[in-house]
Amino acid sequence: MANIKSQKKRNLQNARRHERNKAVRSQLKTRIKNADRAAVDGADDADDSVRRAVKAPDMAAAKGIIHKNQAANRKSKLMKRVAKARATASS
């Protein structure tokens with residue numbers, strides 16, 4: 001445990017940021033999972049859930065929670081899965 005006051009404060013700040021980042025990453029995963037499920041099921045709100053899922057990595061990257069290239073990779077993989085699900089559903 002730190003003895004220096006500024007380091008104690010830094011530890012508290014890091015703990016708060018860690019919790020906030022964990023929540024954002026969890027929400028990111030949930031939105032992507034819901035978009036995948038909606039695309040496979042052919043749900044009525046699939047377009048809306050995909051739009052929300054595409055926005056989530058951008059927001060996380062803007063906040064610095066994930067890297068911008070990681071956000072681009074996640075969006076790309078999501079759109080590939082959605083396109084494949086739509087192609088399977090239409091044929």
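Mind telling me which of 56, 43, 35 comes out most flexible in a GNM of the chain, alpha-carbon contacts under 10 Å? Between 56, 43, 35, it is 43 that shows the largest mean-square fluctuation.
Here residue 63 is the anchor, and the aspartates and glutamates within straight C-alpha reach of less than 16 Å, apart from those fewer than 8 places off in the same chain, are 19. Determine, at each q value in 0.16, 0.18, 0.24, 0.33 (inverse angstroms), the log₁₀ of I(q)/I(0) that the Debye formula gives when each Cα of region 1-51 is one equal point scatterer. Normalising to I(0) and taking log10 leaves -0.58, -0.63, -0.82, -1.07. Here residue 84 is the anchor, and the lysines within straight C-alpha reach of less than 17 Å, apart from those fewer than 8 places off in the same chain, are 33, 75.
Output the relative contact order of the chain, whole-number percent, from Cα pairs under 8 angstrom with separation of 6+ residues.
Details: 58 pairs, mean separation 24.7, N = 91.
About 27 percent, as a whole number.
When the chain is treated as a GNM with alpha-carbon contacts under 10 Å, the residue of 44, 58, 36 showing the greatest mean-square fluctuation is 44. Once all protein chains are placed together, residue 10 keeps about 110 Å² accessible to a 1.4 angstrom probe. Can you grab the distance from the C-alpha centre of region 48-68 to the C-alpha centre of region 1-43, Å, no decimals? Comparing the Cα centres of region 48-68 and region 1-43, I get a distance of 13 Å.
Across the alpha-carbon set of the chain, the Rg to Rh ratio works out to 1.21, Rh being the Kirkwood radius.
The H on the amide N of residue 65, modeled in the peptide plane, is under 5 Å from the matching H of no residue at least 5 residues off or on a different chain.
The values are calculated or read from the model by the stated rules, or taken from the named source; none is laboratory data. Keep in mind the model is a prediction, meaning the values are calculated, not measured. We work out accessible area using only protein heavy atoms, side chains counted, and drop any ligands, DNA or RNA first. Shrake-Rupley method; radii C 1.70, N 1.55, O 1.52, S 1.80 Å.
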